[in-house]
Amino acid sequence: MTLNDFDLVLFGGSGDLAMRKLLPALYARDVAKDLPPQSRIICVARHAWDQQQFIDSVNATSKPHIKPGALNAKAWDKFCQRIVYVAFDGTDAASYQPLVDVLRPEPALTRVFYLATPPHLFAQICHNLAARGLATSNSRVVLEKPLGRDLASAKQINAEVGEVFAESQIYRIDHYLGKETVQNLLALRFGNILFEPLWRREWISDVQITIAEEIGVGNRMGYYDTSGALRDMLQNHLLQLLCIVAMEPPTSIAPDAVRDEKLQVLRSLKKFTPTTLAQNVVRGQYRAGYVKGEAVASYRDEQEVGQHSRTETYVALKAEIDSWRWAGVPFYLRTGKRMTDSLAEIVVRFKSIPHSIFTQPVGSFAPNCLVIRLQPDEGLRMNLMAKTPGDGMRLKPAELELDFRESFKTPRMEAYERLLLDILRGQLTLFMRGDELEAAWEWVEPILDYWEQQESTPLPYAAGSWGPAAASALIGRDGLQWREEALPED
Ligand code: BG6
């Protein structure tokens, strides 16, 4: 689908997200010839720079983030010609004239305001856009995370932005929804007949969702130390993945058809009480250790973090969904920084066979397992039992594997490339609706409150490990193991 010409206004235009992710993603789509010739990227920031100084800064800060091999001097120069730098303070309505002057008033043009700013500026910017008559009924607004830090602040963002923009104009980003494999999960579930009859409590024993990162917090300490893993990763990315795994088949891929079903899942999550919380949620904080052989400091020794920080860099929990499809099936979610490996995967474990017709006992049959790998290598793996070659009937685990890179040679798209294209074409399916956002906060809020009231601190774990031992105990109580613990040693 070809795009209309657009004016994309990036508030926070000189910031980390714009430089590291958004401009490189737009460049990639420009090289792929997706951006119409007359389209412009209007970067807004407060630095009193002129156009050339801003382009110099883009060259220095953003260019190094272009995918290796994708940089072409001519294409880059052409891309930079789309960029218009406008210096003003987005929180000050009186300073908007430069933006008014630069925006093209043609109604056929797509106009997008991308707020890559801290969330406490969203309301002010939206109201200023409205006051200056820039927020037209066919313009769109994009909100970057963190979308609140609890239910009340999320509601406030929704209400304030909602005073200016209709829900159908609001694009709330969760970049995990833009990842190739997340959409492949939709394809797997609803493009095949095979899985849907088995995708329920009668056949599935448990689901694990892991997002593990080797990296620490980098230069985002100021934000992270007031946020933590639950707010930064679980409330959004992990819950969105859970929704895609657990939702009922939507009637179509239309935005509200999908978002209605995701909302149902969030609303069916069993609420934690202080007692169930103590048993089913583990939080951790990394101490000094080695990640891939390299020594790394303890979280509390990182710059801007105090020795008494109680911010969790790891969280694991057992969630349950109160529905006919999922009652009794545990969903184990975990995420952490400074872990052994960087990986994101969903593991769907099926029940054991009911009876063995072979000489092997039932217990020697590894349950079938579907592993959906989001990163680093995108693919699907199905663990089956197969006969070992030769005489006799010995069965052993074997794997069916679909490696997306091998199977589809077409070039990859980064999550932000796909999401930006969807914003520009007005496709809302991969963006969170306001009620989804609130339902997700509503579910995690008791955990935040409980931690707030507790004297205790997160459990320590060594950097380069898989997290605190209590997380193994959490799943171990149900007679299960995290996938990496269950794999045979190499
Ligand atoms: C962001 C978090 O939303 O996702 C970061 O704020 C995290 O803390 C990042 O590192 C992980 O994203 P990805 O795509 O690298 O897995």
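For the reader, a short list of remarks on this structure follows.
- Among the conditions (1) β-branched (Val, Ile, Thr); (2) closer than 23 Å to GLN375 by Cα; (3) within 16 Å of the ligand (Cβ to nearest atom), THR226 misses just one, which is (2).
- Here ALA152 clears all of (1) more than 16 Å from the ligand (Cβ to nearest atom); (2) in contact with a Leu (Cβ under 9 Å, 6 or more places away or on another chain) except the condition numbered (2).
- Under the condition of being within 28 Å of THR2 (Cβ to Cβ) and hydroxyl-bearing (Ser, Thr, Tyr), the residues counted in region 90-122 number 2.
- Where a residue in region 215-239 is part of a loop (DSSP other than H, G, I, E, B) and its partner, wherever it lies, is more than 9 Å from the ligand (Cβ to nearest atom) and among the aromatic types (Phe, Trp, Tyr), with Cβ under 8 Å and at least six apart: GLY216/TYR286; GLY216/TYR299; VAL217/TYR299
- Beta carbons closer than 9 Å, at least 6 apart along the sequence or on distinct chains, pair a first residue in region 277-297 that is in contact (Cβ under 8 Å) with a residue 60 or more places away in the chain with a second that is acidic (Asp, Glu) and not in a helix (DSSP H, G or I) for ASN280/GLU320; ARG283/GLU312; GLY284/GLU312; GLN285/GLU312; VAL291/GLU214; LYS292/GLU214; LYS292/ASP341.
- Elements of type strands (runs of 3 or more DSSP E) in region 337-427, at least 1 residues being acidic (Asp, Glu) and either away from the ligand (no atom under 16 Å from the Cβ) or within 24 Å of LEU238 (Cα to Cα) (or both): 343-350, 395-403
- Among the residues of region 124-176, those identified as of a type in the set (Ser, Thr, Tyr) and either within 21 Å of ALA18 (Cα to Cα) or touching a Gly at 6+ places or on another chain (Cβ under 7 Å) (or both) are SER139, TYR171, TYR176.
- Beta carbons closer than 7 Å, at least 6 apart along the sequence or on distinct chains, pair a first residue in region 120-135 that is of a type in the set (Phe, Trp, Tyr) with a second that is surrounded by 17 or more Cβ atoms within 10 Å (Cβ to Cβ) and assigned to a helix (DSSP H, G or I) for PHE122/ILE157; PHE122/VAL161.
- Lone qualifier among ILE157, ILE173 - being within 16 Å of the ligand (Cβ to nearest atom), touching a Phe, Trp or Tyr at 6+ places or on another chain (Cβ under 7 Å) and either modelled with pLDDT of 95 or more or at positive phi (or both): ILE173
- Each residue in region 192-223 was checked for being within 16 Å of the ligand (Cβ to nearest atom), buried (at least 19 other Cβ atoms within 10 Å of the Cβ) and modelled with pLDDT of 95 or more, and 5 pass.
- Qualifying positions in region 251-299 - assigned to a loop (DSSP other than H, G, I, E, B), within 23 Å of the chain's Cα centre (by Cα) and more than 15 Å from LEU317 (Cα to Cα): SER252, ILE253, ALA254
- When the residues of region 296-314 are filtered to those that are closer than 20 Å to ASP341 by Cβ and aliphatic (A, V, I, L, M), the one that is surrounded by the fewest Cβ atoms within 10 Å (Cβ to Cβ) is ALA297.
- Residues in region 166-189 that are under 22 Å from THR117 (Cα atoms) and either free of Cβ contacts under 8 Å to residues at least 60 places away in the same chain or within 9 Å of the chain's Cα centre (by Cα) (or both): ALA166, GLN169, ILE173, ASP174, HIS175, TYR176, LEU177, GLY178.
- Qualifying residue in region 265-272 (condition: within 22 Å of ASP422 (Cβ to Cβ), more than 16 Å from the ligand (Cβ to nearest atom) and touching a strand residue (DSSP E or B) at 6+ places or on another chain (Cβ under 9 Å)): yes
- Scanning region 310-336 for residues that are assigned to a loop (DSSP other than H, G, I, E, B) and within 16 Å of the ligand (Cβ to nearest atom) yields a count of 3.
- Some residue of region 184-191 being more than 17 Å from VAL348 (Cβ to Cβ) and away from the ligand (no atom under 14 Å from the Cβ): no
- Some residue of region 458-465 being outside any strand (DSSP E or B) and more than 28 Å from ALA152 (Cα to Cα): yes
- Within the option set LEU277, LEU269, being farther than 14 Å from LEU459 by Cα, touching a helix residue (DSSP H, G or I) at 6+ places or on another chain (Cβ under 8 Å) and buried (at least 23 other Cβ atoms within 10 Å of the Cβ) holds for one residue only, LEU269.
- Near pairs, Cβ below 8 angstrom, 6+ apart or cross-chain, from region 363-383 (in contact (Cβ under 8 Å) with a residue 40 or more places away in the chain and over 21 Å from THR410 (Cα atoms)) to any residue that is within 16 Å of the ligand (Cβ to nearest atom) and small (Gly, Ala, Ser): none
- Scoring THR251 on the criteria (1) within 19 Å of LEU269 (Cα to Cα); (2) more than 9 Å from the ligand (Cβ to nearest atom); (3) in contact with a helix residue (DSSP H, G or I) (Cβ under 7 Å, 6 or more places away or on another chain) leaves a single failure, condition (1).
The values are calculated or read from the model by the stated rules, or taken from the named source; none is laboratory data. Just so you know, these numbers come straight off a predicted model, no measurement behind them. So basically every Cβ, Gly included, is an ideal-geometry build from the backbone, and we count neighbours across all protein chains shown.
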